[in-house]
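Trainee: Starting off with a structure, shown below.
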Amino acid sequence: MDGRYYREVLLKEQMLQVMRRIACDTFVFQQDSAPAHRSRDTVQLLQQETPAFISPDLWPPNSPDLNPVDYRIWGLMQQRLYKSPVRDTIDLKKRLVDTWASITQCVVDEGVDRLTTRLCGVCHSVFLSVTLRVRSTVRSRGA
């Protein structure tokens, strides 16, 4: 999928409208680092059209540890979605909408709570890594 299709069709015609209808102006938009997602025009659109947007330069690449949707919600959706074989794309779309609508706020809250734990682990790992690098650099320079 190219950036133009992503912006014009998926974002403008579909996702942003639905998100506004569901959450008004109380959502934060975050996405992965796919080329269509990080293109300059896409980032500019999202900065203008969303109440809060986490730009690609503020989100570490390849960091599923920091994404509550990947761990909790998509797993649950997949489990519910594929209980029986999907007949066609119309069936798939209906199941996606129905499954998403059936997820309770409690499940979302659990995902956020787990995110907090993972963030602490990531911060600890980054701190240790930086500490070791600084010590190694200082030792190599004889300080």
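Trainee: Quick one: which residues, 5 or more positions from PHE29 or on another chain, have an amide H under 5 Å from its amide H? H modelled 1.01 Å from N in the peptide plane, none for Pro or chain starts.
Mentor: The answer is ALA52, PHE53, ILE54.
Trainee: Sticking with this structure for a sec: Taking only DSSP H segments of four or more residues, each worth -39500 (n - 2.57), what value at 222 nm results for the chain once the sum is divided by all its residues, to the nearest 500 deg cm²/dmol?
Mentor: -18000 deg cm²/dmol
Trainee: In addition: Per residue of region 131-140, in order, report the coupling 6.51 cos²θ - 1.76 cosθ + 1.60 (Karplus, θ = phi - 60°) as ³J(HN,Hα) in whole Hz, putting x for Gly and Pro.
Mentor: Taking θ as phi minus 60°, the curve returns 4, 5, 5, 5, 4, 5, 5, 4, 5, 5 Hz for region 131-140.
Trainee: Hey, another quick one. Report the percentage of all Cα-Cα pairs in region 1-61 whose separation exceeds 18 Å, rounded to a whole percent.
Mentor: On the way: 517 of 1830 pairs.
Distances greater than 18 Å cover 28 percent of the Cα pairs.
Trainee: Next up: Dipole of the chain, Cα-centred, from +1 at each Lys and Arg C-beta and -1 at each Asp and Glu C-beta, to the nearest 20 debye?
Mentor: Value, rounded to 20: 460 debye.
Trainee: With a ≥ b ≥ c the root eigenvalues of the C-alpha gyration tensor of region 68-143, is it rounded (a/c under 1.5), prolate (a/b larger than b/c) or oblate?
Mentor: Working: a/c = 6.25, a/b = 3.08, b/c = 2.03.
Prolate shape, in that a/c is at least 1.5 and a/b is the bigger ratio.
Trainee: Dipole of region 1-61, Cα-centred, from +1 at each Lys and Arg C-beta and -1 at each Asp and Glu C-beta, to the nearest 20 debye?
Mentor: That gives a dipole near 80 debye.
Trainee: For the chain, what is the largest minus smallest coordinate of the Cα atoms on each principal axis, given in angstrom and ordered from greatest to least?
Mentor: 66, 35, 29
Trainee: A further question follows. Using only Cα atoms and rounding to the nearest 10 degrees, what angle (0 to 90) does helix 40-49 make with the longest principal axis of the chain?
Mentor: 70
Trainee: In nm, to one decimal, how far is the modelled label at SER140 from the one at CYS106, with both set 7 Å along Cα→Cβ?
Mentor: 5.3
Trainee: To continue, here is another question. Name the residue from SER33, ILE73, CYS120 whose Cα lies farthest towards the positive end of the charge dipole of the chain, charges +1 on Cβ of Lys and Arg and -1 on Cβ of Asp and Glu.
Mentor: Selected residue: CYS120.
Trainee: Relative contact order for the chain using alpha-carbon pairs under 8 Å, separation at least 6, rounded to a whole percent? Before the final figure, lay out each step's value.
Mentor: Numbers: 83 pairs, mean separation 28.3, N = 143.
Reported relative contact order: 20 percent.
Trainee: On C-alpha positions alone, give me the angle between the axis of helix 89-102 and the longest principal axis of the chain, in degrees, nearest 10.
Mentor: Roughly 70 degrees, rounded to the nearest 10.
Trainee: If the only charges are +1 at each Lys and Arg Cβ and -1 at each Asp and Glu Cβ, what is the size of the charge dipole of region 68-143 around the Cα centre, to the nearest 20 debye?
Mentor: The calculated dipole for region 68-143 is roughly 460 debye.
Values in this text are rule-based calculations from the coordinates and carry no lab data. As the structure is a computational prediction, the values presented were derived from the model and not from experiment. Every residue, glycine among them, receives a Cβ derived from its backbone with ideal geometry; neighbour counts consider all protein chains shown.
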